[in-house]
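**Student:** Have a look at this one.
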Amino acid sequence: MNLEKDMKRLEVIAQTLDSGEKSLEECLKLYEEGVKLAKACLDSLEQTKGKITEIKEGIGEEDLNG
């Protein structure tokens, strides 16, 4: 999956859990899925941050600051 899809799924999970309409067992499964998706999102963001850092270092800080 990609970051945008994972974030949208996390929103759906959060709304579902907040609604209180699911059983405890279903909530536990959704919570577990949400934790895995949150970790995947954080990993993706860290990877992107690393790429941005590489790009900035390749250009040079003084080039970015004018």
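The values are calculated or read from the model by the stated rules, or taken from the named source; none is laboratory data. In this text the structure is predicted, and so the values were computed from the model without any measurement. As a convention, Cβ positions derive from the backbone with ideal geometry for all residues, glycine included, and neighbour counts pool all protein chains shown.
**Student:** Surrounded by 13 or more Cβ atoms within 10 Å (Cβ to Cβ) and either part of a loop (DSSP other than H, G, I, E, B) or modelled with pLDDT of 95 or more (or both): is that true of E26 in this structure?
**Tutor:** In short, no.
**Student:** Restricting attention to the range 1-18, which residues are aliphatic (A, V, I, L, M) and part of a helix (DSSP H, G or I)?
**Tutor:** L3, M7, L10, V12, I13, A14, L17
**Student:** Sticking with this structure for a sec: When you look at E21, is it over 19 Å from E4 (Cα atoms), modelled with pLDDT of 95 or more and surrounded by 11 or more Cβ atoms within 10 Å (Cβ to Cβ), yes or no?
**Tutor:** No, not satisfied.
**Student:** Condition (residue is modelled with pLDDT of 95 or more, charged (D, E, K, R) and either within 9 Å of the chain's Cα centre (by Cα) or part of a helix (DSSP H, G or I) (or both)) applied to the range 57-64: is it met by at least one residue?
**Tutor:** No: zero hits.
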